[in-house]
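Some notes on the structure that comes next.
The values are calculated or read from the model by the stated rules, or taken from the named source; none is laboratory data. Owing to the predicted nature of the structure, the values given are computational and were not obtained by experimental measurement. Reconstructed Cβ throughout: ideal geometry from the backbone, glycine too, with neighbour counts over all protein chains shown. What goes into the accessible areas is simple: the full protein's heavy atoms, side chains included, and nothing from ligands, DNA or RNA. Shrake-Rupley method; radii C 1.70, N 1.55, O 1.52, S 1.80 Å.
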Amino acid sequence: MGKITGFLEFKSKSEDYEPVEKRVENYKEFTVKLKESELKDQGARCMDCGIPFCHSGCPLGNLIPDFNDAVYQGKWQKAAEILHGTNNFPEFTGRLCPAPCEEACVLNINEDPVTIENIEKNIAEEAFKNGWVKPQIPEHRTGKKVAVIGSGPAGLAAAQQLNRAGHEVTVYERDEKVGGLLRYGIPDFKMEKNVIDRRLEVLEQEGIKFITNAHVGKNIAIEEVKLNHDSIVLCGGATINRQLPIKGAHLKGVHQAMDFLSQNNRRVDGLKFSENEISAKGKNVVVIGGGDTGSDCIGTSFRQGAESVLNFEILKKASVDRTADQPWPYWPMKLRTTSSHAEGAEREWSISTKEFLGDAQGNLVGLITTEVEWTHKLGERPLLEEIPGTDKRWDCDLALLALGFTGSETTLAEQLGLKMDARTNIHASVNDYQSNVPGIFVAGDMRRGQSLIVWAISEGREAAYYVDKYLMGTSELPLKGEGDLPRI
Ligand SMILES: Cc1cc2nc3c(=O)[nH]c(=O)nc-3n(C[C@H](O)[C@H](O)[C@H](O)COP(=O)(O)OP(=O)(O)OC[C@H]3O[C@@H](n4cnc5c(N)ncnc54)[C@H](O)[C@@H]3O)c2cc1C
Ligand code: SF4
């Protein structure tokens with residue numbers, strides 16, 4: 001696969017970013033596309049490594065060496081067919097996936113891995129540019145009706161697969177537009193929303209019906225949905241924010257990250273929002289939480305005109321390289337610096353926030369932190385201890401809580417009599433994605449907890465197979481690793 005000596009001849013080359021001063025002036029994507037010859041060289045770096053460990057690194061089982069080889073040979077349409085055979089939305093993952101495949105790449109043992117994610121994005125963009133992404137309208141309809149609740153990547157993937165199987169699919173979405181966290185969580189500078197809209201057009205042309213402002217269980221009764229469909233796939237995400245119940249958490253200026261991000265994405269899209277405005281303009285911002293959501297808050301704060309941005313992480317600073325206890329090809333917990341971090345945020349690790357400080361009017365003016373130490377004995381859970389005498393006051397007038405998510409909303413589970421699992425997500429076995437109520441399936445974050453887009457697409461595809469099998473007794477939809485080559 002690729003050029004047999006490619007990995008010896010060509011160095012890894014990733015996309016450049018526009019300079020920070022320029023990119024923070026707007027919310028547009030800021031990557032600089034590689035030339036076609038450079039992309040071919042990157043595809044050529046894929047080795048004929050015998051066992052492509054990258055396959056197992058990718059939750060979708062993408063056929064990576066095959067599309068790398070096609071890119072190396074300049075056969076972009078073939079690459080697009082291979083890629084779409086296992087991934088409904090490579091334009092999302094090509095921009096947003098943390099690329100566990102690259103960690104598992106054999107070249108990554110002692111070299112920079114193949115730039116798989118970037119190759120994927122470019123294949124998807126070529127496919128749209130050249131009109132190769134065409135609606136796949138099923139030849140026969142089965143007469144069965146399926147409701148998909150939630151239009152994030154899991155719901156969209158499930159809907160597309162089920163529609164391909166010939167079922168009549170309706171997607172219910174409570175927001176005013178389709179996309180889930182792709183639209184209202186992830187900022188435009190990571191993925192502009194026309195990327196969702198152009199895919200949505202194809203899904204609509206394929207015959208999938210989308211009903212927005214449709215909050216099932218609230219303004220649409222679940223009983224009605226149940227009555228009108230032969231099966232339901234729940235893809236409602238894992239939306240319950242973790243709280244920080246410390247003194248001062250009620251102050252004006254302390255906000256959940258998701259309130260800040262979704263409001264800004266609506267603002268950028270010219271949509272109205274009813275809540276009070278949250279703005280980082282001219283403020284000293286502290287983002288509490290060092291994950292993806294925290295990083296998105298940092299980039300958004302800079303674009304809103306923050307005076308300064310500090311980022312706190314309670315975990316200790318990870319090492320830049322893999323450590324011996326996290327061997328290749330596994331996903332390592334190593335220090336990651338995102339493009340948003342690099343826009344000027346200061347980062348602190350092993351730090352815990354103890355109290356928010358307010359003025360007489362109830363406005364946030366600062367916070368108190370303490371340093372913490374982690375001890376980890378083999379076979380036991382890591383222990384966190386505060387280090388006495390390390391309390392510190394920081395001035396700030398906006399604090400954004402990006403502390404992760406504790407599980408899924410329970411309304412639909414209660415109304416349908418569904419079991420929850422120990423992590424407050426809706427229980428459904430990975431063997432068939434079916435809940436304890438026959439005909440009701442669950443996929444994506446709502447089943448596995450807050451995760452990744454690539455996992456959501458994978459779960460949506462897998463769940464669709466089992467829904468189809470439940471409805472028809474058998475299914476020709478592909479399962480992971482089986483591919484589905486001719487379709488885009
Ligand atoms: C800020 C942020 C940034 C992220 N960045 C990345 C990233 O860069 N890369 C990555 O791989 N992952 C990222 N993730 C994670 C990723 O976005 C999620 O794992 C993924 O979107 C989950 O997809 P999903 O379809 O299961 O759920 P969601 O995307 O959460 O979609 C669920 C949808 O269901 C709708 N819904 C819920 N209940 C109902 C109901 N009762 N009736 C109708 N509609 C309903 C919701 O409105 C929502 O639109 C990020 C997450 C966050 C919060
Ligand atoms: S979807 Fe993610 S893990 Fe899979 S090949 Fe693409 S970048 Fe790699």
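Only residues that are within 14 Å of ligand 2 (Cβ to nearest atom) and of a type outside the set (Asp, Glu): list them for the range 108-147, please. Within the range 108-147, 108, 113, 114, 115, 116, 118, 119, 121, 122, 123, 124 qualify. Candidates are the residues of the range 93-107 that are part of a helix (DSSP H, G or I) and farther than 24 Å from residue 35 by Cβ; the one that is nearest to ligand 1 (Cβ to nearest atom) is 100.
Go through the range 197-248 and give me each residue that's among the acidic types (Asp, Glu) and either within 16 Å of ligand 2 (Cβ to nearest atom) or more than 30 Å from residue 134 (Cβ to Cβ) (or both). Please lay out each step first, then the result.
Our first condition is that a residue be among the acidic types (Asp, Glu); within the range 197-248, this holds for 197, 201, 204, 206, 223-224, 230.
Matches in the range 197-248: 223, 224.
The single residue among 315, 357, 384 that is open to solvent by less than 40 Å² (accessible area, probe 1.4 Å) and either on the phi < 0 side of the Ramachandran plot or modelled with pLDDT under 95 (or both) turns out to be 357. (1) touching a His at 6+ places or on another chain (Cβ under 6 Å); (2) open to solvent by 50 Å² or more (accessible area, probe 1.4 Å): which one isn't true of residue 213, the others all being true? In the conditions (1) touching a His at 6+ places or on another chain (Cβ under 6 Å); (2) open to solvent by 50 Å² or more (accessible area, probe 1.4 Å), residue 213 misses (1) alone.
If you filter the range 131-165 down to residues that are part of a strand (DSSP E or B) and open to solvent by 10 Å² or more (accessible area, probe 1.4 Å), you find that the one that is farthest from residue 477 (Cα to Cα) is 149. When the range 86-107 is limited to residues that are out of contact with any Gly (no Cβ under 7 Å at 6 or more places or on another chain) and near ligand 2 (Cβ under 8 Å from one of its atoms), the one that is farthest from residue 321 (Cα to Cα) turns out to be 87.
Meeting the requirement of 3 or more residues that are under 21 Å from the mean Cα position of the chain (by Cα), the strands (runs of 3 or more DSSP E) wholly within the range 382-488 are 405-407.
Checked against (1) open to solvent by 40 Å² or more (accessible area, probe 1.4 Å); (2) in contact (Cβ under 8 Å) with a residue 24 or more places away in the chain; (3) away from ligand 1 (no atom under 14 Å from the Cβ); (4) out of contact with any helix residue (DSSP H, G or I) (no Cβ under 8 Å at 6 or more places or on another chain), residue 450 passes all but a single condition, namely (3). Restricting the first member to the range 261-273 and to residues that are free of Cβ contacts under 8 Å to residues at least 40 places away in the same chain, and the second to residues that are open to solvent by less than 40 Å² (accessible area, probe 1.4 Å) and not hydrophobic (A, V, I, L, M, F, W, C), the beta-carbon pairs closer than 6 Å and six or more apart or on different chains are 273/263; 273/266.
Residues are listed down the side, and each one gets a yes or a no for (1) small (Gly, Ala, Ser); (2) buried (at least 21 other Cβ atoms within 10 Å of the Cβ):
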site: 218; (1), (2): no, no
site: 223; (1), (2): no, no
site: 226; (1), (2): no, no
site: 230; (1), (2): no, no
site: 233; (1), (2): no, yes
site: 237; (1), (2): yes, yes
site: 242; (1), (2): no, no
site: 245; (1), (2): no, no
site: 257; (1), (2): yes, yes
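Within the range 171-196, the set of residues being within 24 Å of residue 132 (Cβ to Cβ) and within 16 Å of ligand 2 (Cβ to nearest atom) comprises 182, 191, 195.
Table: residues versus (1) away from ligand 2 (no atom under 15 Å from the Cβ); (2) in contact with a Leu (Cβ under 6 Å, 6 or more places away or on another chain); (3) under 10 Å from residue 116 (Cβ atoms).
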| position | (1), (2), (3) |
| --- | --- |
| 50 | yes, no, no |
| 54 | no, no, yes |
| 63 | no, no, no |
| 70 | no, no, no |
| 78 | yes, no, no |
| 84 | no, no, no |
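Do the conditions hold for residue 464, that is, is it in contact with a Gly (Cβ under 8 Å, 6 or more places away or on another chain), open to solvent by less than 30 Å² (accessible area, probe 1.4 Å) and hydrophobic (A, V, I, L, M, F, W, C)? Show your work before the answer.
Values: in contact with a Gly (Cβ under 8 Å, 6 or more places away or on another chain): no; open to solvent by less than 30 Å² (accessible area, probe 1.4 Å): yes; hydrophobic (A, V, I, L, M, F, W, C): yes.
No.
Surrounded by fewer than 21 Cβ atoms within 10 Å (Cβ to Cβ) and either within 16 Å of ligand 1 (Cβ to nearest atom) or closer than 25 Å to residue 200 by Cα (or both): is that true of residue 26 in this structure? Even if it seems obvious, please write down each step before you answer.
Working: surrounded by fewer than 21 Cβ atoms within 10 Å (Cβ to Cβ): yes; either within 16 Å of ligand 1 (Cβ to nearest atom) or closer than 25 Å to residue 200 by Cα (or both): yes.
When the stated conditions are applied, residue 26 passes them.
For the range 166-177, the candidate set comprises residues that are surrounded by fewer than 23 Cβ atoms within 10 Å (Cβ to Cβ) and in a loop (DSSP other than H, G, I, E, B); within that set, the residue that is farthest from ligand 1 (Cβ to nearest atom) is 166.
Is it true that some residue in the range 13-22 is surrounded by fewer than 19 Cβ atoms within 10 Å (Cβ to Cβ) and under 22 Å from residue 329 (Cβ atoms)?
Let us first name the residues in the range 13-22 that are surrounded by fewer than 19 Cβ atoms within 10 Å (Cβ to Cβ), namely 13-22.
Okay, now just the ones that are also under 22 Å from residue 329 (Cβ atoms), so 14.
For the range 13-22, residues surrounded by fewer than 19 Cβ atoms within 10 Å (Cβ to Cβ) and under 22 Å from residue 329 (Cβ atoms): present.
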